[in-house]
Amino acid sequence: LIVATLLAFLKKMGQGAKQKWIWAGVGAGILASAVLAIIINIVFSRIVAASSREYIEGITGVVAVIMMLTVGAWLHNKSSIGNWNKYINQQMEQAIARGSLVSFAFISFLSVFREGAETIIFYTGITPYISMQQLVLGVILAVGILAIVGFAIIYYSVKIPIRFFFKAATILIYILAFKILGISIHALQISDVLSTSTVHQLPFIDWIGLYPTLETTITQLLLVIVILGLTWMIKKRTVITNI
């Protein structure tokens with residue numbers, strides 16, 4: 001979803017030829033994931049490897065959330081037609097796109113890298129318990145489904161009006177940031193980097209990154225406050241600009 005959003009954004013910017021930056025981030029993320037997974041499996045023991053995996057997953061996730069907040073605010077600011085037209089008329093899209101491409105490529109790298117090593121280690125763990133045929137069929141099936149879903153997301157997202165697309169992309173990025181932050185803090189708790197204060201009254205909803213601990217809840221609440229603050233600032237700035 002993150003990579004599809006970045007690709008669709010470049011197409012709407014008229015910078016479709018520069019999608020290679022995003023794909024370069026994806027490729028680097030896959031390569032880094034493979035290298036990291038090999039190092040963890042070879043160099044460390046199983047206990048240390050598990051701890052290191054959670055630690056790296058947590059730190060990488062927090063960095064990704066910070067990057068996603070920046071891009072989300074940028075997209076939200078451009079959701080105003082007035083801001084977008086001004087942006088185009090000033091002929092700054094080349095400079096901004098060039099600067100943003102580095103951040104966008106980095107986000108695509110982090111998105112893939114964060115999940116890649118964990119996935120490879122997971123495959124390594126289940127390989128002794130299933131046949132090679134089952135493993136290969138599972139990977140092929142997953143890649144096939146991902147290719148179809150990914151193509152549909154990228155293809156149809158380009159046809160969405162700019163204003164709606166930017167707002168939807170902003171909301172999507174903020175939701176993903178909320179989830180990733182919760183998962184990342186939880187991973188740091190598992191690796192004993194952060195303390196764990198369990199509160200049974202708090203909800204546990206894994207698919208949205210909600211965990212019944214004070215550390216994850218407070219951090220996510222702070223993220224929501226930051227998002228609301230950014231939204232208010234952008235809205236205020238837009239009103240002043242239109243006046």
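The values are calculated or read from the model by the stated rules, or taken from the named source; none is laboratory data. For clarity, every value in this text was computed on a predicted model and none was experimentally measured. Counting neighbours? That spans all protein chains shown, and the Cβs are built from the backbone with ideal geometry, glycine included. Areas reflect the complete protein model, heavy atoms only, side chains present, ligands, DNA and RNA absent. Shrake-Rupley method; radii C 1.70, N 1.55, O 1.52, S 1.80 Å.
Regarding the range 209-220, can at least one residue be identified that is outside any strand (DSSP E or B), aromatic (F, W, Y) and open to solvent by 60 Å² or more (accessible area, probe 1.4 Å)? Among the residues of the range 209-220, not one is outside any strand (DSSP E or B), aromatic (F, W, Y) and open to solvent by 60 Å² or more (accessible area, probe 1.4 Å), which makes the answer no.
Specify the residue that is nearest to Y55 (Cα to Cα); the eligible residues are those in the range 221-236 that are open to solvent by 80 Å² or more (accessible area, probe 1.4 Å) and either touching a residue at least 60 places away in the same chain (Cβ under 8 Å) or of a type outside the set (A, V, I, L, M) (or both).
That would be W232.
For the range 10-37, taking the residues that are more than 17 Å from the chain's Cα centre (by Cα), closer than 26 Å to S191 by Cα and modelled with pLDDT of 75 or more, the one that is surrounded by the most Cβ atoms within 10 Å (Cβ to Cβ) is identified as L36.
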